[in-house]
Amino acid sequence: MSDRYEPRRIEIGWNEKWNQADLFRVVEDKSKPKYYLLEMFPYPSGRIHMGHVRVYTIGDVVARFKRMRGFNVLHPMGWDAFGMPAENAAQAAKVHPAKWTYSNIEAMKAQLKKIGYSYDWQRELATCDPRYYKWEQLVFLKLLKKGQAYRKKSQVNYCPDCETVLANEQVEQGACWRCGQEVVQKEQWGWFLKITDYADELLEWTEKLDWPERVLTMQRNWIGKSHGAAIKFPIVDPPQGFEDKVEVFTTRPDTVYGATFMSLAAEHPLALALAKKNGREAQVAEFQSRVAKQNVNERIAEGFVKEGVFTGGYCTNPMTNEKIPVYAANFVLLEYGTGAVMAVPGHDQRDYDFAVKYELPIVEVVRPDKEENRITNTGEAYTGPGVLVNSGPFDGLDFETAKIKIAEHFAERDLGGPTISYRLRDWGISRQRYWGAPIPVIHCPKCGVVPVPESDLPLVLPENVEITGIGGSPLAQVEEFVKVTCPSCGGPARRETDTMDTFVESSWYFDRYACPDQDGAMFDERVDHWMPVDQYIGGIEHAILHLLYARYWTKVLRDLGYIKADEPFMRLLTQGMVLRNLWECPTHGPLRGDKIVPAGPGQTPRCKHCDSPLTATGPKEKMSKSKGNTLDPEELVDLYGADTVRIFYLFAAPPEKEMDWSDEGIQGAQRFLSRVWRLAAENLEDLKATPDSWDSGLLQGRLKDLYRKLNQTIKKVTDEIEERWHFNTAVAAIMELVNEAYLTLADEKAKADPLFWPLLRKVVDKLLLLLSPMVPHIADELHTMLGGGGFLLEQPWPGYDPEATQADEIVIVLQVNGKVRAQALVPADIAEEELEKLALENDRIKKFKGDKPIKKLVVVPGRLVNVVV
RNA sequence: GCCGGGAUGGUGGAAUUGGUAGACACAAGGGACUUAAAAUCCCUUGGGACUUUGUCCCGUGCGGGUUCGAUCCCCGCUCCCGGCACCA
């Protein structure tokens, strides 16, 4: 026992005790309601960072709270273990990715344990384990069978120097992030999953999920459903091997009479075919190769010029029967719609600009009112609502009605009809990487693509691979992996050397936590016991990719009969980032990370050039090594203790908001815990000596106030955690209670009351229960010092006496014309008439009212009286 | 451009159903204790004015509105953050 609060001493002890007691182990228990709480699992980079501490602390409070509330809580942890950094480390440090990954896992697991998180480590999993990725290889085979996994050629970012495909995130200003070489677009074969089959269901469920609105909006935009019409334009003298019509997608079928030319995507095969036929091959081919070099970044950059080239071909506007020229244009995307656009320069700004540039006719077909031709009046396309003109039998129709009528008209003529288009593309899962799950197929020169037999799974990643970072897929270098016999014909064949996108692993790990020890099947009955996740917590940066893929994969598993859940995560909390100031040297100005000599927490970093202590400078930014504003959480824990770090995070900001790191703030957190410690430790003998049973009804004066504060605090903290997820205000409420307890302790008269020590004991006991989900080490320590047994986590969450939260007397605000002019202390159960009388007799109210007549008297019981004159 | 979110003291933030704006902290200033420091405790702290210890005025990005009463609801703006973007 010690009088001083020494966090690390007690924290190490309690960690051991919890582990020995297997306190965080959870087994399925049908007698209690289940609660599945999950935080996004980390990539095992080697050390946890501040963002991890924030999200896992929030999760741990909820997990512990729900458990005390009587739920059977599943709170697992694992490792998103495949990915690029392991391959980079292999290159740089000549260590095998597996070895690097597993040693990082050990290090990070120790760090997480050090902070006291209540994970059931029996359920730990790592996605690079063949016992894990075996099952997603199986799902891939099932999808292949159903036709929902397929192979196609598509455009990818490619670095010619490194001979590798780059993700969009690895392209920096059009150049390779590694070697700086200009990135080109290249056609390449790859495996795709038909997520577009689920576009509508994914969209519909966004209406039913309890998720932050902005995440749902992002997903809706990403899916990008738009209603319109497909319209087939007959081609005049079609080239050989092509259909005699070209289909376009439009959201404005009402403007079809105004289509005066057609734009094809530059890469559209029809464009070159038409050009060949009409002697314009050279011009179109030149244009195509120029557009091919323009990468995605360039295309969205400002000042990007719309341009095109005439193919020499024509098609027919199916309504006006006029011959309209066909252009290839750089702003038409092959991947969206049909890669062909009917151009209506009168009512689309891009088409208008294009028509002006190439001197093509502009026809008005929608007019806002009877007189005005808005197009000639303004010199730009008119895209607003209106009535049809120059549209034959459809003249005079409202444009919304015309959209429907004209789309139906095309359906009747078998030239298209109403249709829907999506922005969502199928999910390309092929990666030319080593450290990922192998895609289980074999390429046979005779039989084509042959699935690896299910009985051969897992298809294990070979270990003896040299990782150079260049030369395409590392697996292609491993002869004993590549050379196989075809399972179908027995002839020589080659194994697929692509591995799966690591987003596949993170799309179902939460299912596997239900039964990670099940080796005979992907899942057993436990998966439907636990799924779906009741509450998911993670960073906003995963708003689209991970959260969309996980939703998709859940529906895939459901339709394959593996699970029952429709959606993986019923509720989602996206926690804000942790920000910190940058550093500035008095002589050298603002510094980047590599010019800073780092210092431990609470100490000032120094300038690498002149060794001057640095000063903080704004604005605050996300922590990163290159900015030099990182902090190592473990150093903080060593210095201040895990409990201090935990409560600081909870108190500094509500969870969904960005959080400014403050070096001073954490000392305030420690000061508070120290006050809690002293409240119990300095009064230990008196608190231990109190009788168990006493009558709270006998409390008077200050003691009664403290008892009321206690009950109010329990109510407040419960509501804040359970309903609002605002841990900062929960902590604030507990601070108020501690302050009140100290004030009562300082009051000699109150202290002399025989009920003082029994009351204070009750306050301290409840206080420790309220604090235990947030700061579990100090809470268990003080609980034990006071003679309590067991662990607070196994005790029920405290209840409160609703009657005791009510004050006998309340302050009523007295207003004249809505301005506060006086206050009155009145009995809580005062009658309205009494209040009115009291207000009108108040001197100050009389003064401000003057002799003006009373127009109205507003009485809000328990709050205020407003005299309106 | 479209979609979403936001703006409150020196700082982080609070105000839960339209009812005392600034809880709880941090920082700052003053004081007590101490040989001193640390630690701890107490006081002050939105701005302004005055007949200066208690009273008045102003104040939640800006301008209007609804209401007895608006940080909260409505209309019109400004700025900031995030996402998407020649999506036909």
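The values are calculated or read from the model by the stated rules, or taken from the named source; none is laboratory data. Fair warning: this is a prediction, and the values are worked out from it, not measured in the lab. Because the Cβ atoms are built from the backbone with ideal geometry, glycine has one as well, and the counts that use them run over all protein chains shown. Protein only, heavy atoms only, side chains kept; ligands, DNA and RNA dropped before computing areas. Shrake-Rupley method; radii C 1.70, N 1.55, O 1.52, S 1.80 Å.
Consider region A:699-734 and keep the residues that are aliphatic (A, V, I, L, M) and over 30 Å from the mean Cα position of the chain (by Cα). The one that is nearest to RNA strand B (Cβ to nearest atom) is A:Ile734. Applying a threshold of 9 Å to beta carbon distances and a minimum spacing of six or more residues, or different chains, the list of pairs starting in region A:148-159 at a residue that is more than 15 Å from A:Glu496 (Cα to Cα) and ending at one that is open to solvent by 80 Å² or more (accessible area, probe 1.4 Å) and of a type in the set (Gly, Ala, Ser) is empty.
Would you check which residues across region A:279-298 are open to solvent by 70 Å² or more (accessible area, probe 1.4 Å) and away from RNA strand B (no atom under 11 Å from the Cβ) and list them? Selection gives A:Glu281, A:Ala282, A:Gln283, A:Glu286, A:Arg290, A:Lys293.
Residues of region A:400-459 that are at pLDDT 90 or above, assigned to a loop (DSSP other than H, G, I, E, B) and open to solvent by 60 Å² or more (accessible area, probe 1.4 Å): A:Arg413, A:Asp414, A:Pro445, A:Lys446. For region A:16-43, a residue qualifies if it is within 17 Å of the chain's Cα centre (by Cα) and acidic (Asp, Glu), and exactly one does: A:Glu39. Looking only at residues that are of a type in the set (S, T, N, Q) and under 23 Å from A:Ile404 (Cβ atoms) in region A:207-261, which one is farthest from RNA strand B (Cβ to nearest atom)? Once the filter is applied, the top-ranked residue is A:Thr255.
Of the residues making up region A:316-335, just one is in contact with a Ser or Thr (Cβ under 7 Å, 6 or more places away or on another chain) and near RNA strand B (Cβ under 7 Å from one of its atoms), namely A:Val332. What are the residue pairs meeting all of these: first residue in region A:669-686, first residue assigned to a helix (DSSP H, G or I), second residue hydroxyl-bearing (Ser, Thr, Tyr) and within 11 Å of RNA strand B (Cβ to nearest atom), Cβ atoms under 6 Å, and 6 or more apart or on different chains? From residues that are assigned to a helix (DSSP H, G or I), the pairs are A:Ser674/A:Tyr5; A:Trp677/A:Tyr5. Looking across A:Gly70, A:Gly13, A:Gly46, one residue alone is part of a loop (DSSP other than H, G, I, E, B) and over 26 Å from the mean Cα position of the chain (by Cα). It is A:Gly70.
Restricting A:Ser693, A:Ser662 to residues that are free of Cβ contacts under 8 Å to residues at least 60 places away in the same chain, more than 10 Å from RNA strand B (Cβ to nearest atom) and outside any helix (DSSP H, G or I) narrows the list to A:Ser693. Just wondering, is there one or more residues in region A:632-649 that are more than 14 Å from RNA strand B (Cβ to nearest atom), farther than 26 Å from A:Ile537 by Cβ and within 25 Å of the chain's Cα centre (by Cα)? So far as region A:632-649 goes, no, none of its residues is more than 14 Å from RNA strand B (Cβ to nearest atom), farther than 26 Å from A:Ile537 by Cβ and within 25 Å of the chain's Cα centre (by Cα). Only a single criterion out of (1) in contact (Cβ under 8 Å) with a residue 40 or more places away in the chain; (2) open to solvent by 50 Å² or more (accessible area, probe 1.4 Å); (3) among the β-branched types (Val, Ile, Thr) is not satisfied by A:Val356, namely (1). Taken as a whole, the structure places A:Val365 among residues that are buried (at least 16 other Cβ atoms within 10 Å of the Cβ) and not aromatic (Phe, Trp, Tyr).
Rundown of residues vs (1) exposed (fewer than 12 other Cβ atoms within 10 Å of the Cβ); (2) under 49 Å from the mean Cα position of the chain (by Cα); (3) farther than 30 Å from A:Arg9 by Cβ, yes/no style:
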| position | (1), (2), (3) |
| --- | --- |
| A:Lys766 | no, yes, no |
| A:Glu781 | no, yes, no |
| A:Gly789 | yes, yes, no |
| A:Pro798 | no, yes, no |
| A:Glu803 | yes, yes, yes |
| A:Gln806 | no, yes, yes |
| A:Lys819 | yes, yes, yes |
| A:Phe848 | no, no, yes |
| A:Lys856 | yes, no, yes |
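Inspect all residues belonging to region A:583-604 and state whether any of them is away from RNA strand B (no atom under 16 Å from the Cβ), open to solvent by 80 Å² or more (accessible area, probe 1.4 Å) and either under 21 Å from A:Leu782 (Cα atoms) or among the polar types (S, T, N, Q) (or both). Scanning region A:583-604, I find at least one residue that is away from RNA strand B (no atom under 16 Å from the Cβ), open to solvent by 80 Å² or more (accessible area, probe 1.4 Å) and either under 21 Å from A:Leu782 (Cα atoms) or among the polar types (S, T, N, Q) (or both), so the answer is yes.
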